[in-house]
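Undergrad: Before I ask anything, let me first share the structure, which is written out below as structure tokens.
The values are calculated or read from the model by the stated rules, or taken from the named source; none is laboratory data. Here the structure is a predicted model, which is why all the values come from computation and not from measurement. Note: ideal-geometry Cβ built from the backbone for every residue, glycine included; neighbour counts use all protein chains shown.
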Amino acid sequence: MLEIEYDPLLVGVSIAVAIWGSWTSLVLTFGLLDERKPMSQIIAQCINCAAVMGGSIWAMHFIAMLAVKFPTAISYNMTETVASLLLAITVCGLGLFVASQNPKGLPGTLTGAHSLVSGSPACTISAYLPYADAG
């Protein structure tokens, strides 16, 4: 059986990043509801909010993955790791923009609620996990 341990400090940092990121994102989204703003200002606000929201979601998950101590070597593909960060920011930005255009409509609600986690495929574990038939 694979023994897994966690670094309590990194777990705490991951939780702190999640709380800080969600609070900051929530505060920034209030600026999207002002209908008097020009479209350029709404887009800039969406970009700022997406960077904070997507970046903090990604960072929270990545720090939590670093907190896990496996008894085997683990590496991260840099290209896939950076791509997962950019994807998280892009998806959050798209969701925020659609939701800000019609905050009470179904498409805005569904798109705004959609979340995508793509950091796990960037993790490569070098381990042999034998299969044992239970019967």
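Undergrad: Please find, within the range 26-43, the residue that is nearest to residue 55 (Cα to Cα) out of those that are buried (at least 16 other Cβ atoms within 10 Å of the Cβ) and of a type outside the set (Val, Ile, Thr).
TA: Our first condition is that a residue be buried (at least 16 other Cβ atoms within 10 Å of the Cβ); within the range 26-43, this holds for 28-29, 31-32, 42.
Among the residues that remain, those that are also of a type outside the set (Val, Ile, Thr) are: 28, 31-32.
On the way: 28: 14, 31: 19, 32: 19 Å.
For the range 26-43, the residue satisfying everything is 28.
Undergrad: Hey, another quick one. Kindly indicate the residue of the range 83-112 that is modelled with pLDDT of 75 or more and either among the β-branched types (Val, Ile, Thr) or surrounded by fewer than 18 Cβ atoms within 10 Å (Cβ to Cβ) (or both) and also farthest from residue 27 (Cα to Cα) among those meeting that condition.
TA: 83
Undergrad: Would a scan of the range 68-82 turn up a residue that is modelled with pLDDT of 85 or more and closer than 30 Å to residue 34 by Cβ?
TA: The answer is no, given that none of the residues of the range 68-82 is modelled with pLDDT of 85 or more and closer than 30 Å to residue 34 by Cβ.
Undergrad: Let me ask another. Can you name the number of the only condition in (1) under 11 Å from the mean Cα position of the chain (by Cα); (2) exposed (fewer than 13 other Cβ atoms within 10 Å of the Cβ); (3) modelled with pLDDT of 90 or more that residue 115 fails?
TA: Result: residue 115 passes all but (3).
Undergrad: Hey, among 51, 18, 44, which residue is in contact with a Ser or Thr (Cβ under 8 Å, 6 or more places away or on another chain), small (Gly, Ala, Ser) and modelled with pLDDT of 85 or more?
TA: Details: 51 fails: in contact with a Ser or Thr (Cβ under 8 Å, 6 or more places away or on another chain); 44 fails: in contact with a Ser or Thr (Cβ under 8 Å, 6 or more places away or on another chain).
Within the list 51, 18, 44, the selection yields 18.
Undergrad: Return only the number of the condition from (1) among the small types (Gly, Ala, Ser); (2) surrounded by fewer than 19 Cβ atoms within 10 Å (Cβ to Cβ); (3) in contact with a Phe, Trp or Tyr (Cβ under 9 Å, 6 or more places away or on another chain) that residue 50 does not satisfy.
TA: If we test residue 50 against (1) among the small types (Gly, Ala, Ser); (2) surrounded by fewer than 19 Cβ atoms within 10 Å (Cβ to Cβ); (3) in contact with a Phe, Trp or Tyr (Cβ under 9 Å, 6 or more places away or on another chain), just (2) comes out false.
Undergrad: Report whether or not residue 19 is part of a strand (DSSP E or B) and aliphatic (A, V, I, L, M). Spell out how you get there, then give the answer.
TA: Working: part of a strand (DSSP E or B): no; aliphatic (A, V, I, L, M): yes.
So residue 19 fails the test.
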